[in-house]
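Please treat every number below as a calculation from the coordinates, not as lab data. A quick note: this is a predicted structure, and the numbers were derived from the prediction, not measured. Here the Cβ positions follow ideal geometry from the backbone for every residue, glycine too, while neighbour counts run over all protein chains shown.
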Protein chains: 2
Amino acid sequence: MKEAKLTEKQIYERIWKSIAERRLPPGTRLKEERLCEIFGVSRPRIRRALDQLTHDGLVSHIPNRGAFVTTPSVDEARDVFFTRRVVERGVIEALQKRGAQDKLAALETHIAEEREALAEGDTARIIRLSGAFHMLLAELAASPHLADILRDLVSKSTLVTAVFQPKCDAQCGPDEHAAIVAALAAGDFDTAKTAMDAHLIEAERLLELEASGDGTGPQDDVLGAALSKEL
Amino acid sequence: MKEAKLTEKQIYERIWKSIAERRLPPGTRLKEERLCEIFGVSRPRIRRALDQLTHDGLVSHIPNRGAFVTTPSVDEARDVFFTRRVVERGVIEALQKRGAQDKLAALETHIAEEREALAEGDTARIIRLSGAFHMLLAELAASPHLADILRDLVSKSTLVTAVFQPKCDAQCGPDEHAAIVAALAAGDFDTAKTAMDAHLIEAERLLELEASGDGTGPQDDVLGAALSKEL
DNA sequence: TCTACAATTATTGTTAACAATGTTTGAACA
DNA sequence: TGTTCAAACATTGTTAACAATAATTGTAGA
């Protein structure tokens, strides 16, 4: 059962994934000691992982208080989606440059999975797959920097939707993703860009950005539940 | 003389600046102990700063070997400039959205400084100001995410030019910057985008990306010199 | 009964000592 | 004389103990 010593990168990845897939909602306190128990490592290791997440903006660190999953503000929400439009347009351009015809099958498969999750009403899986679609696109684009950037933005989007879209868990619809892929398959990259832009604008529109921003902050022991069985 | 305890963020900033302004060239070894002496803090603090820089891609960390200023590859160089084109186009769109007329004076002043540095042949200052122009633009755009992203990209660009443009320190010419600002002043954002794109393509063209990538790696005590008097 | 102050407790931040790993230098052998 | 192996050194990686700060709770006074 000994897990051969988790490296800080693995810890970082696992916490990141838990946040990105919304098992660790905004406001959740990330107590160092508790994380030590969960991962079976000592505090400095945890500390380094949390530092990285703080640097990414996913975690907010208050001196002498501790680390919390960031609760995005309205301005931040708007900026995240604006930046995503800029970046994801670039992703499509990168796909155009390198020719994307070869890897379309993977995208089709992914969308099929999304439809399946939607049909089953598996919320957690829907959230995961919605983000993964955009990441998959970025990886196919073969631009490491764009992929890195988008990775951050997608995870922040998850926090944003968690705060500003509390009820409707609809997220990205598979149909809108399909429209983008269809345009790519047709080699019509301008249409693909337009579809992507529309998709992101729609996602932003679904948010309740006029709202007060209630700042919900659960503090229960979601930590163990979220991080223990994160696939 | 006591410097009131440098926080890890300050250390990060100072090392970052030294790399971005090319006082710490690619391949430079960043020995923890030496950095401790320079900043007068203990190792864990240095460690955290180096971790952040590693996460940014500015520093490469080899296990049990230490940290080095990253030496970018040809592929990385191309990707950096491609990504910059995507992002900086976004910056101009953001300027368009919020109306950029109010802060043009700052840009004009900046360009004047660039011309001055160029006339004096002050290479270090030219490098600093070239990067700062693009950052200034991003800050005026009022998109924290774009600014953050561009910050990383600009510093990586510095590394790229250090490796692939060894002789000609020309960097960005003030005239090309002026062209962008002129378009912004005229409210012609499409032209501004075109000018920015051309500017970045020109910068990439000046690189010798066909070359072998010699991987120069000075190991002398540039550390003290670079970090002690970094303004 | 409510408020303010103080003491305790819990948590983070820091430092120092220790262990493990990789590198370099020297010597011995081919 | 060149090459290989071994030992010593230097540097990073880890752990554990300690100090400082902030929050909370309880008590006393109004």
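Some observations on this one:
- Across peptide A:82-94, the mean count of Cβ atoms from other chains lying within 10 Å of each residue's own Cβ comes to 5.
- Cβ-Cβ FRET estimate between A:ALA186 and B:SER42, R0 fixed at 60 Å, reported to 0.05: 0.50
- For segment B:74-205, the fraction of alpha-carbon pairs lying more than 24 Å apart is 22 percent, rounded to a whole number.
- With loop membership from DSSP and a limit of 12 other Cβ atoms within 10 Å, the longest segment of chain B without GluC sites (Glu not before Pro) is B:4-209.
- Compactness relative to 2.2 N^0.38 Å, alpha carbon Rg of segment A:1-85: 1.16
- Shown for B:ARG205: label points 7 Å from Cα along the beta-carbon vector, and their distances to the equivalent points in the other copies, 4.1 nm in ascending order.
- Modelled label reach - B:ALA112, point 7 Å along Cα→Cβ, segment B:129-160 residues with backbone N closer than 20 Å: B:129-137, B:140
- The charge dipole of segment B:74-205, taken about its Cα centre with unit charges on the Cβ of Lys, Arg, Asp and Glu (plus for the first two, minus for the last two), comes to roughly 240 debye.
- Estimated from helices alone, the mean residue ellipticity of chain A at 222 nm is -21500 deg cm²/dmol (sum of -39500 (n - 2.57) over DSSP H runs with n ≥ 4, per residue).
- On the beta carbon distance between A:THR7 and B:GLU202, with R0 = 25 Å, the FRET formula returns roughly 0.05.
- Shown here are the Rg and Dmax of the Cα trace of the protein assembly as shown, at 22.8, 69 Å.
- Restraint check, B:LYS103/B:LYS193; A:LYS97/B:LYS97; A:LYS17/A:LYS156, Cα-Cα greater than 22 Å: A:LYS97/B:LYS97
- For chain A, the fraction of C-alpha pairs farther apart than 34 angstrom is 17 percent.
- Positive end of the dipole of chain A (Cβ unit charges, origin at the Cα centre): among A:GLN165, A:SER42, A:PRO144, the Cα lying farthest that way belongs to A:SER42.
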